[in-house]
1. What FRET efficiency, computed as 1/(1 + (r/R0)^6) with R0 = 56 Å and r the Cβ-Cβ distance, is obtained for Leu81 and Glu371, rounded to the nearest 0.05?
2. Please work out how much length the chain gains when fully extended from Met66 to Glu339, using 0.36 nm per residue of separation minus the C-alpha to C-alpha distance, in nm with one decimal.
3. Stretch His212-Arg165 to full length: gain in nm at 0.36 nm per residue minus the Cα-Cα span?
Amino acid sequence: MNDTHPFFARRLSLRQLVALDLVAGLCLAFLLFTGMANVVTMPPWMRVALPLALGLPLTLRRVWPMPVFCFTLVLALYTALVGAVGHAYLAPAYALYIVALSDRLGAAVPTSAIAAVSLVTVLGLTVAGTSQTGAPGWVAHLDQPLWGIGALGGAWTIGRAVQERRSYAAREAGRLAAQAVTEERLRLARELHDVVTHNVGLIAIKAGVANHVLASRPQEAHEALRVIETASRSALVEMRHLLGVLRSSEAPERAPAPGPEGIEGLVEQARLAGVEAELDLRFMPDTAPGGSAASSAGDWARLPEGVGLSVYRIVQEALTNVAKHAAPARCRVSVTVDEKEVRIEVLDDGPGRRASPPAEGSGHGLIGMRERVMMYGGTFEAGNRPDRGFRVFATLPYEEVS
């Protein structure tokens, strides 16, 4: 595959970076050589050797940052003492930038103070104009050392700023990755809970019915076993789908996720579990109350896929709770879809509080419903009714699919 990324937009290898440092070192050596050309007090061989000794070691500044910095700093001080060239401090400043990227020295060095001293030094030299004719002699002798201090301090400050920015970016990337993993785990936990609770709960209820009436009413036991078979097959299909998502590193080929058009099937399953359930669908302002599946198919299409799945799962969990904790009871499921939101209300006339103590680890159903609603900025209410029974109410805002 051809790499279409621009050269400066992709991460360079160490070999490429060393090659760039070699080019920079040769350019600096040439600059220093031109500055020493008129120094008659220096032997010719030193005019060539000293610039190369300052420039070529910069090639290895990423491999041995501290040794290269110390070596070039000593040579730059020697060059300043003999008065050979004024800008030899560029070599150790270039090496110091890589030293500043290291975490080993960063915490021990007061970067803020160094930055302030460097800024004051450079500004002072600029304002004073010490390079102009007529400046005091002692100021002229301090000119190059002060510029060296400014260059070294600036290189250190820039290096530390880059390092802190990289550290912040790495921490932020780690935080976002952890947040994405947590959100995906919660999503899978909600899906797994909804699948297991609904189908396995229905299986448990009908298995109890079949065991109770097996001898006296075999036909009713046969019907209960048929419901168990259907529910178990449905649970296996959805469990395989979730396991496929967990095992695959790529997007797996999967069956369409359940949607709100399957609510009528949920109501029918609740009736098989002993709940006298009725459904009231309202699409505002397009259709009349109680529209059939055929007439409402187009109305469901206006909902985004995620909202439709949440509507299905909320109704599924509410009906599961009715079957587990209130049956036999009457239940009314009302779903109203208008142009801005979906309103869901599930009412039953069973005992408001659970007839049996909850099993250890239960109670995730209401949490899952609330999380689904909060994800879309809706409202969620669940609690006992004033007279008798339990009420679940949720609103899901959405933007209509065009």
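What follows draws every value from the coordinates through simple rules; no lab data is involved. Note that the structure is predicted; figures quoted are calculated from it, not measured. Don't worry about glycine lacking a Cβ; one is built from the backbone with ideal geometry, like all the others, and counts go over all protein chains shown.
1. 0.20
2. 91.6 nm
3. Taking His212 through Arg165 to full extension adds about 10.0 nm, to one decimal.
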